[in-house]
Amino acid sequence: METRVAVIGIIVEDQDSAEKVNAVLHDHSSAIIGRMGIPYREKKISIISVAVDASQDEISALCGKLGRINGVSVKAAYAKSY
């Protein structure tokens, strides 16, 4: 199976959704290379970046699941090759 390297940017505006975000990320933990979370207290949001190495379908599924959570915005940026 061919995999892609990508960075997924997640902004959590509804802090009640944080547990759901973490559950989805846990479900896809085998694809995650690393993650960094930054609480931006002044704006009452959290910014999370997740580096992944997975199939195009798995990355799309992960982004789709995250994007369906209330108060969560998601975008993925892909490496050109690897």
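Scoring Ala54 on the criteria (1) surrounded by 12 or more Cβ atoms within 10 Å (Cβ to Cβ); (2) out of contact with any strand residue (DSSP E or B) (no Cβ under 8 Å at 6 or more places or on another chain) leaves a single failure, condition (2). Taken over segment 1-55, the residue count meeting the criterion of being free of Cβ contacts under 8 Å to residues at least 24 places away in the same chain, hydroxyl-bearing (Ser, Thr, Tyr) and under 21 Å from Asn70 (Cα atoms) is 1. Listed conditions (1) surrounded by 12 or more Cβ atoms within 10 Å (Cβ to Cβ); (2) in contact (Cβ under 8 Å) with a residue 12 or more places away in the chain; (3) out of contact with any Asp or Glu (no Cβ under 6 Å at 6 or more places or on another chain) are all met by Gly67, apart from (2).
Among the residues of segment 10-34, those identified as part of a strand (DSSP E or B) and surrounded by 15 or more Cβ atoms within 10 Å (Cβ to Cβ) are Ile10, Ile11, Val12, Ile32. Listed conditions (1) touching a strand residue (DSSP E or B) at 6+ places or on another chain (Cβ under 6 Å); (2) under 15 Å from Lys20 (Cα atoms) are all met by Ile38, apart from (2). Sort out which residues of segment 1-39 are over 30 Å from Lys80 (Cβ atoms) and of a type in the set (Ser, Thr, Tyr), and write them in order of number. Listed by number, the list holds a single entry, Ser17.
Any read-out appearing in this document is the output of simple, stated calculations on the displayed coordinates, not a laboratory observation. Remember, predicted model here, so these are calculated numbers, not experimental data. Don't worry about glycine lacking a Cβ; one is built from the backbone with ideal geometry, like all the others, and counts go over all protein chains shown.
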